[in-house]
Amino acid sequence: MQSGVWALQPVADMSANEFRDWQQLLESRLGMVVNEQRRIFLQTNLSTRMRELGIADYAAYYRQVTDGPRGAVEWANLLDRLTVQETRFYRHPASFEVYQAYLARRGEQGLDRPLAIWSVGCSSGEEPYSLAIGASEVLGPEGRFGVTGTDISRSALAKAREGLYDGRRLQPMDEALRARYFAQQGDGRFKVLPELAARVCCARLNVLELDKAPMTGMDVIFCQNLLIYFRRWRRREILNRLAECLAPGGLLVIGVGEVVGWQHPDMLPVADERVLAYTRKG
């Protein structure tokens with residue numbers, strides 16, 4: 001009964017000071033910028049968690065989240081609500097066309113080692129599995145490649161590792177691809193086949209800590225629908241670091257419109273107006 005009472009209560013409004021405190025916390029820890037337009041998003045997600053805990057005001061919850069080891073546990077729970085974004089397979093088809101054309105060229109040249117492919121901000125796994133499917137289609141089922149997906153959300157990574165999706169998430173995918181790489185379950189959902197899942201590894205990573213990431217010599221990096229949450233200077237900082245993680249000749253694919261005017265002395269833009277992508281000089 002108590003939970004029903006909580007559910008009926010409207011989302012409490014934040015004071016200016018409370019909003020500023022939460023803004024500063026999220027930016028310092030995640031780089032995430034919560035502007036006035038996203039204030040309702042923040043209030044809704046915070047208040048939902050506060051109701052579960054029986055906490056009545058934002059300041060008290062802020063104190064709990066920032067309170068030493070106990071706060072670290074609650075911070076991890078909150079992250080899952082604030083960072084898991086809507087995603088789907090083959091979210092931006094033109095980017096995957098550029099990606100698969102790149103893989104085809106690399107395959108024709110002959111591979112002296114497996115290709116290393118990285119999905120930055122992989123969420124619940126749709127992008128890394130899409131990248132693995134694309135590589136398998138181009139290089140063949142015995143092709144030499146591996147895909148790494150990274151995200152800050154533990155719950156999103158758990159879903160990615162499970163590899164189980166409802167039909168809505170697979171709608172952009174060709175039916176023949178779906179039949180080749182997924183097995184329909186009794187409840188109507190689709191599970192990634194083991195041979196594809198074996199190609200994909202998912203790990204936790206905060207993009208503000210890319211300097212600590214073990215990824216070097218990557219052949220492809222996808223970083224889409226992630227940079228929009230950061231300030232412009234930080235977007236450039238993240239891209240500079242990703243460029244350093246690429247092998248010579250490697251491909252970096254960014255979400256269209258996520259960054260304007262970025263240049264790097266080692267990177268060349270891909271000549272395709274449908275996408276925002278670069279290759280590293282080699």
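For the range 74-149, the Cβ-based charge dipole about the Cα centre amounts to some 160 debye (Lys, Arg positive; Asp, Glu negative; other atoms uncharged).
With R₀ fixed at 25 Å, the C-beta to C-beta distance from residue 237 to residue 155 puts the FRET efficiency at about 0.40.
Counting only Cβ charges, +1 for Lys and Arg and -1 for Asp and Glu, the dipole size of the chain around its Cα centre is about 200 debye.
Can you give the accessible area per residue of the range 45-113, in Å², using a 1.4 Å probe? Could the numbers behind the result be given before it?
Numbers: 3420 Å² over 69 residues.
For the range 45-113, the per-residue accessible area is 50 Å².
A simple packing score, the average count of other Cβ atoms within 10 Å per residue, orders the peptides 268-275, 212-219 as 212-219, 268-275, with the highest score first. In angstrom, the C-alpha Rg and Dmax of the range 16-83 are 11.0, 32. Counting protein heavy atoms only, the chain has 50 percent of its accessible area on carbon and sulfur, 1.4 angstrom probe.
Measuring nothing but how far apart in sequence close Cα pairs (under 8 Å, 6+ apart) lie, relative to its length, the range 150-282 scores a relative contact order of 20 percent.
Could you give the size of the charge dipole of the range 129-282 about its Cα centre, using +1 on the Cβ of each K and R and -1 on the Cβ of each D and E, expressed in debye and rounded to the nearest 20? Please list the in-between numbers first.
Values: 22 positive and 18 negative charges, 94 e Å.
The dipole of the range 129-282 has a size of about 460 debye.
Using heavy atoms of the protein chains and a probe of 1.4 Å, the accessible area assigned to residue 27 is about 40 Å².
Can you tell me which of 155, 119, 47 moves the most in a GNM of the chain? Springs connect C-alpha atoms under 10 Å apart. Its mean-square fluctuation being the largest, the pick is 47. Amide H contacts of residue 249: 280, 281, 282, each under 5 Å away and 5 or more positions distant or on a separate chain (H built 1.01 Å from N in the peptide plane; Pro and chain starts excluded). If you plug the beta carbon distance of residue 164 and residue 203 into 1/(1 + (r/R0)^6) with R0 = 22 Å, you get a FRET efficiency near 0.70. Between the listed residues 131, 34, 228, the Cα displaced farthest toward the positive end of the dipole of the chain, a dipole computed from Cβ unit charges relative to the Cα centre, is found at 34. Computed 3J(HN,Hα) for the range 45-51, one whole-Hz value per residue from the Karplus formula 6.51 cos²θ - 1.76 cosθ + 1.60 where θ = phi - 60°, is 6, 5, 5, 4, 5, 4, 4, glycine and proline marked x. The alpha carbon centroids of the range 115-184 and the range 45-83 are separated by 31 Å.
Using a 1.4 Å probe and counting only protein heavy atoms, arrange 220, 260, 73, 33 so the residue with the most accessible area comes first.
Details: 220 0, 260 130, 73 100, 33 35 Å².
Sorted by accessible area, descending: 260, 73, 33, 220.
Given a Förster radius of 25 Å and the C-beta distance between residue 45 and residue 260 as r, what FRET efficiency does 1/(1 + (r/R0)^6) yield to the nearest 0.05? Intermediate results must be reported in sequence, preceding the final value.
On the way: r = 29 Å, r/R0 = 1.15.
Once the sixth-power term is evaluated, E becomes 0.30.
How many percent of all Cα-Cα pairs in the chain sit more than 25 Å apart? Each step should come with its number before you reach the end.
Details: 20400 of 39621 pairs.
Value for the chain: 51 percent of Cα pairs lie more than 25 Å apart.
The values are calculated or read from the model by the stated rules, or taken from the named source; none is laboratory data. Predicted model only: the values in this text are computed from it and were never measured. We place every Cβ from the backbone using ideal geometry, glycine too, and count neighbours over all the protein chains shown. Just so you know, the surface numbers come from the protein's heavy atoms only, side chains and all, with ligands and any DNA or RNA stripped out. Shrake-Rupley method; radii C 1.70, N 1.55, O 1.52, S 1.80 Å.
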